[in-house]
Ligand code: SF4
């Protein structure tokens, strides 16, 4: 039987500075993972670097097919540098002359360099769907720039999804600037993205793992996020809430979502509810009971979980390799940095182990290691 090909979705937050993680994208990630058959990638950062890194990974896979006897991944940084700069001296750093297939590999390297510099990647986009979130209107320029760049990444323009706060407040202006019609408001009904699907995206638990796929650290990352109501009963003329969340929902249960997050991603220190008008809810008592039952009653204590153990377990369970390779490597590196000034011999032992498994750099860290 033919294996059906997996599809790829890329979720992007424009590279602005912000405090809170992109909750909408975290729900979308859960949505696609629940659908099955989709590989989800999250990115926030320089999009050109992202494109180059993707090309480098394909280039190294190509090298592996030609000469397996050398671990080309250990030179990933040098590959990136070459594709980025086209400088001849960076080719020497890759040390292709170690291989008996040197000439073939050099030709391949040139092909992949051209793939980027001649813009061939724009004609052969990688992603079946791309979702871009938007936030404050004062981030207009970078938001429009990101959406326009995202058009180059998606196979069909109709599969570029734009949503979020700015998109809901200025949909017409955004459409004029980008040619993409954004989604206005929340994804609060089933079947919006895929006809016939029964999931309500807005009610799904958040996929916290995606936050570890990127370098950016959100200042308010160690928290459960959520809404226990949506919208507002009033319609003040100056306020965006009636546009963003047009219907008042007086109670959205939380405990199950919190427990799911705790189980898979570890406990979080805070609970951040972003409701607009919780006091208008006729279910206020249920809401308070739910908060207490979720572990945030009076006198509640937070015990920092062992994040390395959780990351390794999630790696073993294949939850999000891109995220948990980064997370585990970062935690081990952090441990080593703390040990270094204190205990000479022990830190040297740790250093030796890290070197042996090539986990002293993220770019050379592999899941098995
Ligand atoms: S959230 Fe506040 S400002 Fe906005 S409509 Fe409700 S009461 Fe008015």
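Sorting the segments 5-16, 205-216 by their residues' average number of neighbouring beta-carbon atoms within 10 angstrom, most packed first, yields 205-216, 5-16.
Stokes-Einstein diffusion for region 1-102, with the hydrodynamic radius set to the Kirkwood value over Cα pairs and evaluated at 37 °C in a medium of 0.692 mPa s, equals 199 µm²/s. Ranked by the mean number of other Cβ atoms within 10 Å of their residues, highest first, the peptides 83-90, 264-271 come out as 264-271, 83-90. Pairs of C-alpha atoms in region 246-366 farther apart than 25 Å represent 47 percent of all such pairs.
Relative to its residue count, the chain spans a Cα convex hull of 185 Å³ per residue.
Length gained on full extension, residue 274 to residue 58: 73.7 nm, using 0.36 nm per residue less the C-alpha separation. Note on residue 102 and residue 120: their simple-model spin labels are 2.4 nm apart, each label 7 Å out from Cα toward Cβ.
Here each label is just a point 7 Å from Cα along the line to Cβ, and for residue 172 and residue 298 those points are 5.3 nm apart. Taking label points 7 Å from Cα along the Cα-to-Cβ direction, residue 145 and residue 184 give a separation of 2.8 nm. Mean projected area of the Cα convex hull of region 102-175, taken over all directions, amounts to 6.1 nm². Here region 149-267 is treated as a Stokes sphere of Kirkwood radius computed over C-alpha pairs; at 4 °C and 1.567 mPa s its diffusion coefficient rounds to 77 µm²/s. One decimal place: the segment residue 355-residue 137 gains 73.9 nm when fully extended, by the rule 0.36 nm per residue minus the C-alpha distance. On the beta carbon distance between residue 222 and residue 46, with R0 = 25 Å, the FRET formula returns roughly 0.45.
With all pairs of separate Cα atoms included, region 1-53 yields a Kirkwood hydrodynamic radius of 12.7 Å. The smallest convex shape that holds all Cα atoms of region 49-122, its convex hull, gives 78 Å³ per residue. Using the alpha-carbon positions of region 307-364, Rg (one decimal) and Dmax (whole number) come out as 12.1, 36 Å. Computed from the Kirkwood radius of its Cα pairs, the Stokes-Einstein diffusion coefficient for region 227-276 at 37 °C and 0.692 mPa s stands at 261 µm²/s.
Only the coordinates and a few stated rules stand behind these numbers; no lab work does. As the structure is a computational prediction, the values presented were derived from the model and not from experiment. Virtual Cβ from ideal backbone geometry, glycine too; neighbours counted across all protein chains shown.
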